[in-house]
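Presented below is the structure to which this report refers.
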Amino acid sequence: MNVIEMKTLLLDHLNKVYPQSETIQILMSLISSDQDILIQLVTELLLEDKMPLVRMQQEIRLLYPILSIPAVQSGLKTHSLGKPTLLFQTISSTNDYLKNNLNSLDNGTLILAHKQSFARGRLGRTWSSPAGNTISMSLLLKPEKNNFNYSLLTQLAAAALIKALTFHNTIAEIKWPNDIVVNRKKVAGILTETEYSGNTLEGIILGIGINTNLDESDIPLDIREKATSLKSVIGPVDPNSLVSRFLNEFERLFDGWITTWDTKPFLEICRNHSALIGGEYWIEENRGIKSSKRKAKIETINDTGFLVVTYLDTFEKATLTSTNYSIRADNTYI
């Protein structure tokens, strides 16, 4: 058994017994090692991998639940999504891993990471992904039917995540097109990317980052007014049940959509849980060096997923795609 395998066994077991602690003796038996090796592994997990562990004399426990493949799979009710699931201690980007291994991976493959070192979102923005405190995941889709509007997958994913969060007693909203907010602060973001070989679609990559068990001090100071974590709102969260419930909801909505081409089941969720509809916001159009900024009232989301707005300077109605627009309140994130 190599070091990575032993660490994985330890973390999976500690996650299984959480919130209880486990004795040094049982953990030694689990990985078939002596105490010196075990203590060395725990020290590496604490100091190098920055995992949320605490040692109390002859016992060790997790401070809160962390990602675990057995725990995720125990809650899955899907046909293909999350099968298989791969979990990395640290990775540069879960989306990039799928891109670099696209041809060798099957539809439904899920990549998870305790930590991303180069996490990014829409428009190239970066976000923080400390070890064990967030969900970093990317899902690979290789649909047999591929003649549909891929940009709608972002909103379908947002709807699935809203439904999954209800199981955690969390009232969340969607900041069109790809942010999930709680108490007017961002807790999650979605990034959808398509990969082509010539004119042939090779795969769709759905990347999602969720702030689960971050403390306020873990959030960078410059974004603390616009970002939060589920732990700050409802207390420690089990990331595994959130992942499995998201996949269950996503597969149900996705299968229904590609069968009927009816967008209403997921876009109605987006409308009902919109953080924007009915409000007045600044619309920023990003054009590289040049950009424009106009205030508008947010009217609705239409059946193709576009945002319908009325500009307040001309009372002109417009429909916005998600590609080049950012939406901001006067002095706050939303």
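The values are calculated or read from the model by the stated rules, or taken from the named source; none is laboratory data. This structure is a prediction, so every number in the text was calculated from the model and none was measured. Ideal geometry is used to build each Cβ from the backbone, glycine not excepted, and the neighbour counts take in all protein chains shown.
Before moving on, here are some points about what is shown:
- Condition met for Pro177 (at pLDDT below 95 and buried (at least 16 other Cβ atoms within 10 Å of the Cβ)): yes
- Condition check for Asp313: surrounded by fewer than 13 Cβ atoms within 10 Å (Cβ to Cβ) and not in a strand (DSSP E or B): yes
- Residue match in segment 81-101 (condition: without any contact (Cβ under 8 Å) to a residue 12 or more places away in the chain, touching a helix residue (DSSP H, G or I) at 6+ places or on another chain (Cβ under 9 Å) and among the hydrophobic types (A, V, I, L, M, F, W, C)): no
- Taken over segment 244-293, the criterion of being in contact (Cβ under 8 Å) with a residue 60 or more places away in the chain and farther than 26 Å from Lys145 by Cα is satisfied by His273, Ser274, Ala275, Leu276, Asn286.
- Being over 17 Å from the mean Cα position of the chain (by Cα), at negative phi and small (Gly, Ala, Ser) holds for only one residue in Ser93, Ser129, Ser104, and it is Ser104.
- Boolean, Val182 is surrounded by 21 or more Cβ atoms within 10 Å (Cβ to Cβ), within 12 Å of the chain's Cα centre (by Cα) and more than 16 Å from Leu140 (Cβ to Cβ): no
- If you go through segment 189-227 and pick out every residue that is surrounded by 13 or more Cβ atoms within 10 Å (Cβ to Cβ) and farther than 26 Å from Tyr64 by Cβ, you end up with 9.
- Qualifying residue in segment 37-48 (condition: under 20 Å from Asn2 (Cβ atoms) and assigned to a loop (DSSP other than H, G, I, E, B)): yes
- Looking only at residues of segment 171-181 that are of a type outside the set (A, V, I, L, M) and touching a helix residue (DSSP H, G or I) at 6+ places or on another chain (Cβ under 6 Å), we find that the one that is farthest from Thr321 (Cα to Cα) is Asn178.
- When Lys231 is tested against (1) within 18 Å of Ser322 (Cα to Cα); (2) in contact (Cβ under 8 Å) with a residue 60 or more places away in the chain, exactly one condition is not met: (1).
- Residues of segment 284-308 satisfying the condition of being out of contact with any helix residue (DSSP H, G or I) (no Cβ under 8 Å at 6 or more places or on another chain), under 22 Å from Thr192 (Cβ atoms) and surrounded by 16 or more Cβ atoms within 10 Å (Cβ to Cβ): Ile298, Phe306, Leu307, Val308
- Test result for Ser217, modelled with pLDDT under 95 and hydroxyl-bearing (Ser, Thr, Tyr): yes
- Between Phe148, Phe118, the distinction of being at pLDDT below 95, aromatic (Phe, Trp, Tyr), more than 19 Å from Leu307 (Cα to Cα) and not in a strand (DSSP E or B) belongs to Phe118 only.
- Residue check for Leu81: part of a loop (DSSP other than H, G, I, E, B), buried (at least 19 other Cβ atoms within 10 Å of the Cβ) and not basic (Lys, Arg): yes
- In segment 8-43, the residues that are of a type in the set (D, E, K, R) and over 23 Å from Asn240 (Cβ atoms): Asp34, Asp36
- Against the numbered list (1) surrounded by fewer than 20 Cβ atoms within 10 Å (Cβ to Cβ); (2) touching a Leu at 6+ places or on another chain (Cβ under 7 Å); (3) in the same structural domain as Glu202 (by TED's automatic domain parsing), Leu30 comes up short only at (3).
- Filtered residues of segment 11-27 (kept if surrounded by 16 or more Cβ atoms within 10 Å (Cβ to Cβ), touching a residue at least 40 places away in the same chain (Cβ under 8 Å) and assigned to a helix (DSSP H, G or I)): Leu11, Asp12, Leu14, Asn15
- Scan of segment 229-276 for residues that are charged (D, E, K, R) and either within 17 Å of Lys186 (Cβ to Cβ) or outside any helix (DSSP H, G or I) (or both), ordered by number: Lys231, Asp238, Asp262
- Test: residue in segment 71-78 that is buried (at least 16 other Cβ atoms within 10 Å of the Cβ), in contact with a Leu (Cβ under 9 Å, 6 or more places away or on another chain) and not in a loop (DSSP other than H, G, I, E, B): yes
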